[in-house]
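What follows draws every value from the coordinates through simple rules; no lab data is involved. The shown structure was predicted, so the numbers you read here are calculated from the model rather than taken from an experiment. Ideal geometry is used to build each Cβ from the backbone, glycine not excepted, and the neighbour counts take in all protein chains shown.
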Amino acid sequence: MKKLLALAALAMLSVPAHAAPPTADQEAEFYRVCFKISENATLCKCKVEAARKLIDSDFMAIVIASMEGKTPDAKYYDAYNEYVGRSNQICKPEY
């Protein structure tokens, strides 16, 4: 059952061909908010690149709002958590 839920969450994150990718303005805003929180330019650059591959412009708006302190609607919890997990895997720090 967990595997099925994980696959469903991954499918929701896959950006269909007709979905609009995050805009340049969204990417700049994401970076600005990320850097304000982390003060880590390398991490924020990686997170922008990961977001470009993982989510569309509609979901990018949800992610940015969450980074600014807004709680995502409950219907987005699974997809949001999956996005965070995947972007953290892509941008994991090197020790």
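Report note on the peptides 76-85, 37-46: ranked by the mean count of other C-beta atoms within 10 Å, highest first, their order is 76-85, 37-46. Figure legend: label point modelled 7 angstrom from the Cα of GLU49 along Cα→Cβ; residues of segment 59-87 with amide N under 17 Å from it are 86-87. What's log10 of I(q)/I(0) for segment 21-90 at q = 0.22, 0.24, 0.27 Å⁻¹, Debye sum over Cα points only, no solvent? Log10 I(q)/I(0), no solvent term: -0.95, -1.14, -1.43.
Once you have the Cα-Cα distance between SER57 and ALA74, take 0.36 nm times their residue separation minus that, and quote the gain in nm to one decimal. It would help to have the intermediate numbers written out before the result.
Details: separation 17, 0.36 × 17 = 6.12 nm, distance 1.89 nm.
Length difference between fully extended and current span is 4.2 nm.
Each peptide in 65-71, 28-34 receives the mean, over its residues, of other Cβ atoms within 10 Å, and ordering these scores from highest gives 28-34, 65-71. Each Cα pair under 8 Å and six or more residues apart adds its separation to the average, and for segment 21-90 the resulting relative contact order is 37 percent.
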